[in-house]
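Colleague: For reference, the structure I am asking about is given below.
Coordinate-derived values only; no laboratory data. Treat the numbers as computed from the prediction; the structure is a model and nothing was measured. In this analysis, Cβ positions are derived from the backbone assuming ideal geometry, glycine residues included, and neighbour counts consider all displayed protein chains.
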Amino acid sequence: MIPTATAAAHHCRLCRQPLAIADAISIGPFPKAAQYYPEPDEFAADQGVVLQITECPGCGLTQLMNEPVDYFKQVITAASLSPVVREQRLALFKQLRKEFTEQPRAMEIGCASGENLPLLREAGYVASGIEFSPPQIEAFSMPEGVANRYLLDVGSEEHGQYDLLISFNYLEHQPDARTFLQKCRALLADDGKLLLTVPNLDFLLASQSAHEFVADHLVYFTADSLETALRLTGFSLIDIQIINNQYDIQIIAQKRSVGAIASSKLALDALVARFNETLRNFTDRGQKVAVWGAGHRTLALLSLSEYHRIECIIDSAKFKHHKFAPISHLRILPPETLLTPGCNIDVVLVMVPGIYPKEVIATINALPVHYHAEQFPPEA
């Protein structure tokens, strides 16, 4: 009987959605690892492994449900940079260098022998790399600028310290793609960039090359699923290209800004201050103020304001009449209230959205009783 690898990943390696082994496609026997070469005394036990391949119904990531190979932290390859690839990468590094000020820091994740580091330095970066070496070989000297570390072991003291992270065909080996990408994001400065490549699943499928599946590669990306992975882990995609005769996908991404809500809160604080100032300008002169509009935006703004300066709320929606606004507990009255002389209102601040403020102001100005009516906030 051909052994089946342990189905370890019962949740998606990216979005964490539960996965069912019954939904997986089984193919094999395949070699149990790309770097496994059995000795003659191992032949009897070497029956290969059955790969359990599934596509997450949530995020769409294709992945193995098998255990990772023992050496997934290492980059083991016989490939070296050809002159053409060297020139392409140097040009790309120089292009990205224009995005940064003096002395940007770059780090390659899974850098093997560090062949890209001289190119990064030539392009103007302070360059380093990390490559994991197991204890039995860590006594050997690492190349210049290369530290014996695994990405997920890098401490928080280095968070936000890198302007550029690069990683070439390494992500697909990782058992936890989500945490890997989140760590990349944490290490980047606010305007930092991520450059990485992965094998192209679309090409594997279009070329009918299922023999390209390998126990070493735990996740398989299409252009769409790679963009999804980046989005789920806090990145915004800048550029995506199919390279290497369609075998690989190359992306450039940046940290997605998380300051939009904070900025909106500051804008709200400013709006509340402006509204309170408007109220004071009228009430300090002894004028009585009503607000026209009982929509959720207006009620929220009133709840944050000096609402004790407001007499009531006017609204045309009949189902709101004679009810009370939350927090301010101001009474909501019908527009007919303004037809009554002596209703104790001098000013009406019109606080309705869209095209309606001008219509409401025109309606108020046409009343037989005079009121000062103006829009808040004023039209930009």
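Colleague: Hey, what did the chain get for relative contact order, percent, Cα under 8 Å, at least 6 apart?
Modeller: Values: 665 pairs, mean separation 42.0, N = 380.
After rounding, I find 11 percent.
Colleague: Let me ask something else about it. I want the local charge near residue 346. Using Cβ-Cβ distances under 15 Å, sum +1 for each Lys or Arg and -1 for each Asp or Glu among the other residues.
Modeller: Values: positive: 280, 285, 288, 309; negative: 284, 311, 374.
Overall, the nearby charge balance is +1.
Colleague: Another question, then. Can you check what the net charge comes to around residue 306, using other residues whose Cβ is under 11 Å from the Cβ of residue 306 (Lys, Arg +1; Asp, Glu -1)? Don't skip to the answer; put the middle values down first.
Modeller: Values: positive: 280, 309; negative: 277.
That sum, taken over residues with Cβ under 11 Å, equals +1.
Colleague: Using 0.36 nm per residue, how much length does the chain from residue 322 to residue 22 gain when fully extended, once their Cα-Cα distance is taken away?
Modeller: Working: separation 300, 0.36 × 300 = 108.00 nm, distance 6.02 nm.
Answer, rounded to one decimal: 102.0 nm.
Colleague: Related question: Just to be sure I follow the definition: excluding the sites themselves, where is the longest run in the chain that has none of the GluC sites (Glu not before Pro) in a DSSP loop with at most 12 other Cβ atoms within 10 Å? Don't skip to the answer; put the middle values down first.
Modeller: Numbers: sites that count: 102, 138, 144, 379.
Formally, the longest exposed-site-free interval is 145-378.
Colleague: With respect to the cross-link table entries 73/183; 265/358; 265/320; 94/183; 98/193, which display a Cα-Cα separation exceeding 20 Å?
Modeller: Details: 73/183 15 Å; 265/358 28 Å; 265/320 29 Å; 94/183 25 Å; 98/193 12 Å.
In this structure, 265/358; 265/320; 94/183 lie more than 20 Å apart at Cα.
Colleague: Distance in nm between label sites at residue 380 and residue 211, each 7 Å beyond Cα in the beta-carbon direction?
Modeller: In this crude label model, residue 380 to residue 211 measures out at 6.1 nm.
Colleague: Starting from the Cα-Cα distance between residue 152 and residue 45, subtract it from 0.36 nm times their residue separation and give me the gain in nm to one decimal.
Modeller: Numbers: separation 107, 0.36 × 107 = 38.52 nm, distance 3.37 nm.
Separation in residues times 0.36 nm, less the Cα-Cα distance, equals 35.1 nm.
Colleague: Taking springs between alpha-carbon atoms closer than 10 angstrom, which of 343, 111, 312 fluctuates most in the Gaussian network model of the chain?
Modeller: Of 343, 111, 312, the Gaussian network model singles out 343 as fluctuating most.
Colleague: Determine the distance separating the Cα centre of region 204-250 from the Cα centre of region 129-198; give it in Å without decimals.
Modeller: Comparing the Cα centres of region 204-250 and region 129-198, I get a distance of 19 Å.
Colleague: In the chain, which Cys residues have no partner Cys with a Cβ closer than 4.7 Å?
Modeller: Lacking a cysteine Cβ partner under 4.7 Å: 111, 184, 312, 343.
Colleague: A further question follows. When the label point is put 7 Å from the Cα of residue 260 along its Cα-to-beta-carbon vector, which residues of region 286-301 have a backbone N closer than 18 Å?
Modeller: No residue qualifies, since no backbone N sits under 18 Å from the label point.
Colleague: Right, here's the next one. Tell me which label goes with the value of P(r) over Cα pairs in 20 Å bins from 0, in percent computed from the coordinates here: (1) 23, 34, 22, 19, 3, 0; (2) 23, 49, 22, 5, 0; (3) 28, 54, 18, 1.
Modeller: Recomputing P(r) over Cα pairs in 20 Å bins from 0, in percent here picks out (1).
Colleague: What distance in nm lies between label points placed 7 Å from Cα along the C-beta direction at residue 34 and residue 339?
Modeller: Computed distance between label sites residue 34 and residue 339 equals 8.1 nm.
Colleague: Apply 1/(1 + (r/R0)^6) to the Cβ-Cβ distance of residue 144 and residue 300, taking R0 = 51 Å, and write down the FRET efficiency to the nearest 0.05. Walk me through the numbers on the way to the answer.
Modeller: Values: r = 59 Å, r/R0 = 1.16.
Result of the calculation: an efficiency of 0.30.
Colleague: Return the single residue from 295, 48, 58 with maximal mean-square fluctuation; model: Gaussian network over the chain, springs between Cα atoms under 10 Å.
Modeller: 295
Colleague: So what is the relative contact order of region 261-375, in percent, for Cα pairs below 8 Å that sit 6 or more residues apart?
Modeller: RCO, region 261-375: 24 percent.
Colleague: Using a Gaussian network model of the chain whose springs link C-alpha atoms within less than 10 Å, name the residue from 88, 182, 52 with the highest mean-square fluctuation.
Modeller: Comparing 88, 182, 52 in a Gaussian network model of the chain, the most mobile one is 88.
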